[in-house]
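Reading through the structure tokens given below for one structure.
The values are calculated or read from the model by the stated rules, or taken from the named source; none is laboratory data. Predicted model, so just to flag it, every value in this text is computed and none were measured. For neighbour counting, all protein chains shown are included, and Cβ atoms are generated from backbone atoms with ideal geometry for every residue, glycine included. What goes into the accessible areas is simple: the full protein's heavy atoms, side chains included, and nothing from ligands, DNA or RNA. Shrake-Rupley method; radii C 1.70, N 1.55, O 1.52, S 1.80 Å.
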Amino acid sequence: MEFVWGADKYILEGVSLPAGAVEMLRDEFDAILFGALGDPRVPTNQHAADILLGLRFKLDLYVNARPVELLHDRLTPLRDRTAKDIRLMVIRENTEGLYVGVGGFFKKGTPEEIAVQEDVNSRKGVERIIRYAFDYARRNNLKRVCMSDKSNAMTFAHDLWQRVFKETRQAYSEIDSRHLYIDTLAMEIVRDPGQFDVIVTCNLFGDIISDLGAQLAGGLGLAPSGNIHPGKTSLFEPVHGSAPNIAGRGTANPLGSVLAASMMLEFLGWHTEAAALHAAVKAALLKNYVTPDLGAAKKTAEVGDWLADFVRARAATT
């Protein structure tokens, strides 16, 4: 089922998420495949915030899983790095931190203006995302988990992250676990991305470091993500935005959306179908049947048709 909730509805009706939408999605659906949001006709981007952040918070999608996977060696800007060097998962806390909207203005618009943004971290929220990261590593036979914070400067909020990480890691003795400050992590992921399997961090840092990782793997056009609550309705989307500057040209890269669909199918337990979509994207990159951002001149629809044909042909032989 498709729901057209976006800028057009917001402009015409002043409605982002209709009444009862969250409850309907929670009770009647297993997963949501989400399109990109953002429209210059809504300069505040309020509809996007209401819909995406609203669903993350109201459905308690506390895991933001962002794989960083180099699918073709030519796509990375790093010299002498190959696909075996760039394959990791960023686990971002998705419902707390600086994105909860707690704060305000004092004397707004005056020379004495003060803006306050609160960083909210609960023990429950920190513990469950760190535990999810370790469980993800264990479930996928990965050997390394890195927790990243800025506890040397954020001495209250990230002291909580430090204490919970040290306690939680004790139950996962077979996994090599370590801590890096976020600035050190940013340097290290560029210097040697192969040293990481799973990275877990807070909402803001996870947003930034996963975009850095995406660039190492070919850019945001190839980056999928999952907004997950294990065992409950979860939402999958490409990391990129709506790119209004290329609207109507037919040059938007569809591969991030296809990889997001693959993540969704994997979440639903449809492993064969998920693998088929993933294989189709890799094959398109190998053949260089891609949009201009990845170095060829194919249109969005052409790439989509090619992927669909690949999946059909694969299904016919299995």
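Which residue out of Leu235, Leu216, Leu222 is over 18 Å from Asn64 (Cα atoms), surrounded by 20 or more Cβ atoms within 10 Å (Cβ to Cβ) and either of a type outside the set (Ser, Thr, Tyr) or within 14 Å of the chain's Cα centre (by Cα) (or both)? Before the answer, list the steps.
On the way: Leu235 fails: over 18 Å from Asn64 (Cα atoms); Leu222 fails: over 18 Å from Asn64 (Cα atoms).
Sole residue among the options that is over 18 Å from Asn64 (Cα atoms), surrounded by 20 or more Cβ atoms within 10 Å (Cβ to Cβ) and either of a type outside the set (Ser, Thr, Tyr) or within 14 Å of the chain's Cα centre (by Cα) (or both): Leu216.
For every residue, the table says whether it meets (1) out of contact with any helix residue (DSSP H, G or I) (no Cβ under 9 Å at 6 or more places or on another chain); (2) within 22 Å of Ala171 (Cβ to Cβ).
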position	(1), (2)
Glu93	no, yes
Gly101	no, no
Gly104	yes, no
Asp135	yes, yes
Keeping to region 116-136, report how many residues are out of contact with any strand residue (DSSP E or B) (no Cβ under 9 Å at 6 or more places or on another chain) and either at pLDDT below 95 or open to solvent by 70 Å² or more (accessible area, probe 1.4 Å) (or both).
-> 3
Answer yes if at least one residue in region 273-293 is basic (Lys, Arg), exposed (fewer than 14 other Cβ atoms within 10 Å of the Cβ) and in a helix (DSSP H, G or I), and no otherwise.
-> yes
Please identify the pairs in which a residue from region 36-55 that is over 19 Å from Ala247 (Cβ atoms) and among the small types (Gly, Ala, Ser) has its Cβ atom under 8 Å from the Cβ atom of a residue that is at pLDDT 85 or above and open to solvent by less than 40 Å² (accessible area, probe 1.4 Å), counting only partners at least 6 apart or on another chain.
-> Gly54/Ser16; Gly54/Leu17; Gly54/Val22
Just one of (1) open to solvent by less than 50 Å² (accessible area, probe 1.4 Å); (2) in a helix (DSSP H, G or I) trips up Asn227, so point out which.
-> (2)
Tell me which residues, restricted to region 73-83, are part of a loop (DSSP other than H, G, I, E, B) and more than 20 Å from the chain's Cα centre (by Cα).
-> Pro77, Leu78, Arg79, Asp80, Arg81, Thr82
Condition met for Val258 (touching a helix residue (DSSP H, G or I) at 6+ places or on another chain (Cβ under 6 Å), among the aliphatic types (A, V, I, L, M) and open to solvent by 20 Å² or more (accessible area, probe 1.4 Å)) = yes
The condition of being modelled with pLDDT under 95, open to solvent by less than 80 Å² (accessible area, probe 1.4 Å), not in a helix (DSSP H, G or I) and not aromatic (Phe, Trp, Tyr) holds, among Gly248, Gly241, Gly269, only for Gly241
If you take the residues of region 100-115 that are open to solvent by 60 Å² or more (accessible area, probe 1.4 Å) and over 22 Å from Asp50 (Cβ atoms), which of them is nearest to the chain's Cα centre (by Cα)?
-> Ile114
From Asp207, Asp197, Asp293, Asp211, grab the single residue that is acidic (Asp, Glu) and more than 22 Å from Val63 (Cβ to Cβ).
-> Asp293
Starting from region 137-155, keep only residues that are open to solvent by 70 Å² or more (accessible area, probe 1.4 Å), then list their pairs with residues that are part of a loop (DSSP other than H, G, I, E, B) whose Cβ atoms are within a distance under 6 Å, requiring at least 6 positions of separation or different chains.
-> Arg144/Asp197
All conditions in (1) in contact (Cβ under 8 Å) with a residue 40 or more places away in the chain; (2) in contact with a Pro (Cβ under 9 Å, 6 or more places away or on another chain); (3) among the hydroxyl-bearing types (Ser, Thr, Tyr) are true of Ser262 except (1)
Scanning region 120-136 for residues that are without any contact (Cβ under 8 Å) to a residue 40 or more places away in the chain, of a type outside the set (Gly, Ala, Ser) and farther than 30 Å from Arg87 by Cβ gives Val120, Lys124
With (1) open to solvent by 60 Å² or more (accessible area, probe 1.4 Å); (2) in contact with a Gly (Cβ under 7 Å, 6 or more places away or on another chain); (3) not acidic (Asp, Glu) as the list, and Arg74 as the residue in question, which single condition is left unmet?
-> (2)
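Out of Gln162, Gln195, Gln170, I need the residue that is open to solvent by 40 Å² or more (accessible area, probe 1.4 Å) and of a type in the set (S, T, N, Q). Which one? Can you show your working first?
Details: Gln162 fails: open to solvent by 40 Å² or more (accessible area, probe 1.4 Å); Gln195 fails: open to solvent by 40 Å² or more (accessible area, probe 1.4 Å).
Just one listed residue meets the conditions, Gln170.
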Starting from region 287-305, keep only residues that are touching a residue at least 24 places away in the same chain (Cβ under 8 Å), then list their pairs with residues that are of a type outside the set (A, V, I, L, M, F, W, C) and part of a helix (DSSP H, G or I) whose Cβ atoms are within a distance under 6 Å, requiring at least 6 positions of separation or different chains.
-> Asp293/Gly221
